[in-house]
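> Structure below; questions to follow.
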Amino acid sequence: MNYYHNRNKETKLYKSIALIVKVIPATYIAKLFHLLGLKECEPPETIGIYWSIRCEKFKLKYAIKKHLWEVQKVGYNVRFQLSRCFDFFAKHFERAKKSFISISNVLIKKEFKSNPKGQLTTTGERELCFPSEIWLKIVDYDINPGSLIRVNTKLFNLISPMVYNSFHLDLVLSSTYLLQRQYSHYLEYADRYYIHPEDPYRLYQNFQKSKTAKYEFLDTSHRKFPGESCYTSSCELSSGAVVSIETKIFRDFEDVKRFLNLTINNENSYFKQFVQELSTNITIIDDFNDLFEDCFEKTIKELSKNEALNVLTCDPESFHVFDFFDLEYENYIRENTKPQLGFGPWFDLVSNLYLPFKDIFPEAPYYREIVIAGILFDHLQDHKKRRKLHDITTQSDLEASNPFNDWSLMSKPKGDFDSKKEAVLKGPGTVKVHDHHFVTEEETFNFLRHFVDSVALFESHRDIKCYTLISGVTKVFGTSPDLVQDSSQIPYDFQPQIILINRSH
């Protein structure tokens, strides 16, 4: 049955070639084979083309894919250049628009004077139609408290502690080296990849943008809690009522910047008086040593002189991480060389075992490095553990309560397969990267210094609890491939370091 089936396919192939040769001379087809890097047709006629296709069928498939990919990249480049032009004109249009509005406001007399900056506009000082307890119950029935605070001053003062009481900011950053290494390899050899991104143009776009940047801030989320915008816990208000308090979470870089500028550093912010708890987490998944030496060291030394602050450091126990694929394939990426063909079946097996989500490879080039962010995300998800960092005042307390303790106990090797599976679920299986914000070295240093300094010295009208946790990897220890049976399960030891800055009590 198979014999006749294959025979029929070969007959159809020969007939198809014979038909093509009637339209396109065989000599032209032979030249095309030569351009594709395949063996020339001998003789340059139907039978020669037929045997060349049969012998070079495997190579022909990838030769066609390569040339189609080159055409696709040209289209991506045109699209990218057009988008840059559009962004350029849109940016200058917005500047001109703001300038026009500013001049208009100066020239035109307003009929009504605006309120002084920072004052709350209210609809009056009418008494509340319900007692405070009833309003708090109304909020419990899924009424948006953000809408109630706009009614009048009394409701604003009653509800605002629930809305603006507690905030948590997550910053995850990396050098652009990891992204450029992975993306440049994919863009050069995409025809030899067995897994492709859902949006190849977006990968191309991010690679082009990264060329002028030294660092990138990542917009992230916790995969186990998709769409999560707050942590929920209980709190007792000054009135004695126990209410559910939401800790607002900001993990997008632009949201963190906006909160920093409009609340923390805004002297006229009416809302900052209600902030009672602020926790911030800076996770540096690559290039921690350089960032610490060139950016954080001086700022931390200055803050350590402030008697109102505790500045503590700790070197937790190291933990295991793993590359995605085997050593041979990973070396192709590191050295930016052409991968060999024939990895398909092995690639499928490794993907089924170690790719819990389809958006990890090749889009997120932080397969090993993102594990540190996953450990911290899971630890800080627990409000008791998160709030405990406010109260740490000694080195021994930090060593006993550092976020890596639980994970170091769980991640002891139980066999390379189990260890790698756990590391994958903790890293790329926990942290999802949504977007990239590329910044220069100078912009990164300025922002981080300003951020750490502002949070440490943030003042509210309340007895505020505030801390910044800075984490990164200081050392990476490899394992000899000779000591591991499977080259796709070679562990690396990451040595983390954490720096905690909080208020003395």
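What follows is calculated from the coordinates using simple rules that are stated; it is not laboratory data. In this text the structure is predicted, and so the values were computed from the model without any measurement. Please note: Cβ atoms are built from the backbone with ideal geometry, for glycine as well, and neighbour counts cover all protein chains shown.
> List, in the order given, every pair from Lys214/Lys420; Lys66/Lys91; Lys211/Lys338; Lys214/Lys384; Lys385/Lys421; Lys301/Lys388 whose Cα-Cα distance in the structure shown is over 28 Å.
The answer is Lys214/Lys420; Lys66/Lys91; Lys214/Lys384.
> Let me ask something else. Taking the dipole about the Cα centre of the range 164-503, with the C-beta of Lys and Arg at +1 and of Asp and Glu at -1, give me whichever of Tyr492, Leu173, Thr394 is farthest to the positive side.
Thr394
> Then there's this: Under a Cβ-Cβ cut-off of 12 Å, what is the net charge of the residues other than Glu228 that fall near it, where Lys and Arg count +1 and Asp and Glu count -1? Write down the numbers at each step before the final one.
On the way: positive: Arg223, Lys224, Lys248, Arg251, Lys432; negative: Asp170, Glu246.
Taking every Cβ under 12 Å from that of Glu228, the sum is +3.
> In nanometres, what is the gap between the two model label sites at Asp391 and Glu443, each 7 Å from Cα along Cα-to-Cβ?
Result for the modelled spin labels: 4.1 nm.
> Additional query: Can you give the net charge of the other residues whose Cβ lies under 14 Å from the Cβ of Asn265, counting K and R as +1 and D and E as -1? Please report the intermediate quantities before stating the final value.
Details: positive: Lys257, Arg258, Lys272, Arg449; negative: Glu267, Asp453, Glu459.
Once positives and negatives cancel, what remains is +1.
> To continue, here is another question. Please compute the net charge surrounding Leu469, taking Lys and Arg as +1 and Asp and Glu as -1 over other residues with Cβ under 13 Å from its Cβ.
On the way: positive: Lys385, Arg386, Arg387, Lys388; negative: Asp170.
Overall, the nearby charge balance is +3.
> Let me ask something additional. Assuming R0 = 41 Å, can you tell me the calculated FRET efficiency for the pair Glu328 and Gln381, based on Cβ-Cβ distance, to the nearest 0.05?
For Glu328 and Gln381, the calculated efficiency is 0.65.
> Sticking with this one: If I model a spin label as a point 7 Å beyond the Cα along the Cα-Cβ vector, how far apart are those points for Ile64 and Lys248 in nm?
5.6 nm
> What ranking, highest mean first, results for peptides 388-396, 372-380, 282-290, 66-74 when packing means the other Cβ atoms within 10 Å averaged over each residue?
Values: 388-396: 14.9, 372-380: 24.0, 282-290: 21.3, 66-74: 13.1.
Taking the mean over residues of other Cβ atoms within 10 Å, the ranking is 372-380, 282-290, 388-396, 66-74.
> If you rank Leu327, Leu291 by fewest surrounding Cβ atoms within 10 Å, what's the result? Can you show the working numbers first?
Details: Leu327 15, Leu291 22.
Ascending number of Cβ neighbours within 10 Å: Leu327, Leu291.
> Let me ask something additional. For the range 164-503, what is one quarter of the convex hull surface built on the Cα atoms, given in nm²?
The Cα convex hull of the range 164-503, projected and averaged over all directions, gives 18.2 nm².
> Taking the beta-carbon count within 10 Å as an exposure proxy, list Arg334, Arg223 from fewest neighbours to most.
Working: Arg334 13, Arg223 17.
Taking fewest neighbouring Cβ atoms as first place, the list is Arg334, Arg223.
> Next question. Assuming R0 = 35 Å, can you tell me the calculated FRET efficiency for the pair Leu425 and Lys298, based on Cβ-Cβ distance, to the nearest 0.05?
0.40
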